[in-house]
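The values are calculated or read from the model by the stated rules, or taken from the named source; none is laboratory data. In this text, all values refer to a predicted model and were calculated from it rather than measured experimentally. For neighbour counting, all protein chains shown are included, and Cβ atoms are generated from backbone atoms with ideal geometry for every residue, glycine included.
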2 protein chains.
Amino acid sequence: MRLMEEKILAEGKILPGQILKVGSFLNQRIDTDLLAKIGQEIARLYDGEGVTKVLTIESSGIAIAAAAGMAMGVPVVFAKKHKSSNVDGEVYTASVHSYTHNTDYTIVVSCDYLRPEDKVLLVDDFLANGKALMGLAELVAKAGATLVGAAIAIEKGFQGGGDALRAQGIRVESLAILDSMDDNGITFRPQ
Amino acid sequence: MRLMEEKILAEGKILPGQILKVGSFLNQRIDTDLLAKIGQEIARLYDGEGVTKVLTIESSGIAIAAAAGMAMGVPVVFAKKHKSSNVDGEVYTASVHSYTHNTDYTIVVSCDYLRPEDKVLLVDDFLANGKALMGLAELVAKAGATLVGAAIAIEKGFQGGGDALRAQGIRVESLAILDSMDDNGITFRPQ
């Protein structure tokens, strides 16, 4: 999606530790014109795939998931993050490793909101090592639902998570894929 | 908004402690058809007021704020929650008391994303005691921006926060206001 690449080049800031700051348009401050176009592009990419539900994790994925769900006309479910695995009741859980905080956290979704008959599209703002998406895919599997694929706003291709998921046969569509990011600037993967 | 009242009656569940569970359509699982209509209704209510920015708090307000921002054609900013007040850098902060968890937390927004020239609409999913909205209003005041008002999906009128804000001269529009909620059911305030 050329618009996403242009936004990253115009407003993204590269911080130490290979962090790409996009707070001015994608999180913290959300450009709602761009957000609507992201939703429409995700709907176009997965048109005809029979998606019945969009699944994301709180909190920075919610706006994009909501835009995609509105464009596709399907409900959005978001998994909640729990710091402990001490969760009971009728829920599906998965453990996710956070490299940023060097800790594991549990993601949780109610069994009521993810059903065996669902065809699920995972949506998130960032894809780096892929651990969060793998956790969401695990929730889909535990529900006995079908994983259609994933749609991501920005993939850090050089961190390998997206390609690892693709190697597992999971369809991963990212609106912009960064192949490198350093003092010389950003190189996008041709799509 | 009659549709919101109907949804609450059809799918809301009253839990002990005067908790209204609306996970099936407003949070956890989001009905995106309803979400789009909520955004349009908020845009209609504040039409002509010159709103330049929607402000909310992570995470359950984000989807509604995004829908409102898209319908109004203005950016959305969300304040982040910090458990400690140990925050530095160029940010505005406010302290919010949580009755649910009986603790104070700090909400934070970057000075870059809330400007003196902004006319700000506060958006959230729930309004009970009003402490979160007061914290957001404090961020707006600290930025030197203008507070246009607030738009809320569901107000627990019997907890008094909304009327306290109105008594301060703040315009508060809630799509459904619950005047009572008990074993006999729910009574809405006529609007």
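It is to be established whether one or more residues within region A:41-58 are within 24 Å of B:R115 (Cα to Cα), out of contact with any Cys (no Cβ under 9 Å at 6 or more places or on another chain) and not aromatic (F, W, Y). No, the conditions are met nowhere in region A:41-58. Using the structure shown, decide if A:D179 is surrounded by fewer than 18 Cβ atoms within 10 Å (Cβ to Cβ) and part of a strand (DSSP E or B). The answer is yes for A:D179.
Residues in region B:53-69 that are part of a helix (DSSP H, G or I) and aliphatic (A, V, I, L, M): B:I62, B:A63, B:I64, B:A65, B:A66, B:A67, B:A68. When region A:70-85 is limited to residues that are part of a loop (DSSP other than H, G, I, E, B) and modelled with pLDDT of 95 or more, the one that is surrounded by the fewest Cβ atoms within 10 Å (Cβ to Cβ) turns out to be A:G73. Among the listed residues A:A79, A:A67, which satisfies the condition of being in contact (Cβ under 8 Å) with a residue 40 or more places away in the chain and among the hydrophobic types (A, V, I, L, M, F, W, C)? Only one candidate passes the filter, namely A:A79.
Being within 11 Å of another protein chain (Cβ to nearest Cβ) and either over 30 Å from B:Q40 (Cα atoms) or in contact (Cβ under 8 Å) with a residue 60 or more places away in the chain (or both) is a property that A:K21 has.
Going through region A:1-47 one residue at a time, which ones are assigned to a strand (DSSP E or B) and not basic (K, R)? Lay out the reasoning, then the answer.
The initial filter retains those residues of region A:1-47 that are assigned to a strand (DSSP E or B), namely A:13-15, A:19-21, A:29-30.
Within region A:1-47, A:I14, A:L15, A:I19, A:L20, A:I30 qualify.
Residues to consider are A:V91, A:V120, A:V109; find the one that is over 20 Å from A:N27 (Cβ atoms), buried (at least 23 other Cβ atoms within 10 Å of the Cβ) and within 12 Å of chain B (Cβ to nearest Cβ). Before you say what the answer is, go through the steps one by one.
Details: A:V91 fails: buried (at least 23 other Cβ atoms within 10 Å of the Cβ); A:V120 fails: within 12 Å of chain B (Cβ to nearest Cβ).
Of A:V91, A:V120, A:V109, the one residue that is over 20 Å from A:N27 (Cβ atoms), buried (at least 23 other Cβ atoms within 10 Å of the Cβ) and within 12 Å of chain B (Cβ to nearest Cβ) is A:V109.
Of everything in region A:24-47 that is within 11 Å of chain B (Cβ to nearest Cβ) and free of Cβ contacts under 8 Å to residues at least 12 places away in the same chain, the residue that is surrounded by the fewest Cβ atoms within 10 Å (Cβ to Cβ) is A:D33. Residue count for region A:127-150 satisfying the condition of being surrounded by fewer than 19 Cβ atoms within 10 Å (Cβ to Cβ), more than 16 Å from A:A167 (Cβ to Cβ) and not basic (K, R): 4.
Hey, could you check region A:6-18 for residues that are surrounded by fewer than 13 Cβ atoms within 10 Å (Cβ to Cβ) and within 20 Å of B:V109 (Cβ to Cβ) and say which is nearest to the other protein chains (Cβ to nearest Cβ)? Walk me through it before giving the result.
Quick first cut of region A:6-18, residues surrounded by fewer than 13 Cβ atoms within 10 Å (Cβ to Cβ) only: A:6, A:9-10, A:13, A:15-17.
Pick out the ones that are also within 20 Å of B:V109 (Cβ to Cβ) and you get A:13, A:15.
Numbers: A:K13: 11, A:L15: 13 Å.
Within region A:6-18, the match that is nearest to the other protein chains (Cβ to nearest Cβ) is A:K13.
Within region B:58-71, the set of residues being out of contact with any Ser or Thr (no Cβ under 6 Å at 6 or more places or on another chain) and more than 7 Å from chain A (Cβ to nearest Cβ) comprises B:S60, B:G61, B:I64, B:A68, B:A71.
Among residues of region B:90-116 being assigned to a loop (DSSP other than H, G, I, E, B) and more than 25 Å from A:G23 (Cβ to Cβ), the one that is modelled with the lowest pLDDT is B:T100. Any residue that is more than 16 Å from the chain's Cα centre (by Cα) and either away from chain B (no Cβ under 14 Å) or over 19 Å from A:Y113 (Cα atoms) (or both) - is there at least one of those in region A:72-79? No: zero hits. For region B:133-154, filtered to residues that are under 9 Å from the mean Cα position of the chain (by Cα) and not β-branched (V, I, T), the residue that is nearest to B:E90 (Cα to Cα) is B:L133.
Remark: B:A150 matches the filter, which requires a residue to be modelled with pLDDT of 95 or more, outside any loop (DSSP other than H, G, I, E, B) and touching a helix residue (DSSP H, G or I) at 6+ places or on another chain (Cβ under 6 Å). Here B:G50 meets the list (1) more than 14 Å from every other protein chain (Cβ to nearest Cβ); (2) outside any loop (DSSP other than H, G, I, E, B); (3) in contact (Cβ under 8 Å) with a residue 60 or more places away in the chain almost entirely, failing just condition (2).
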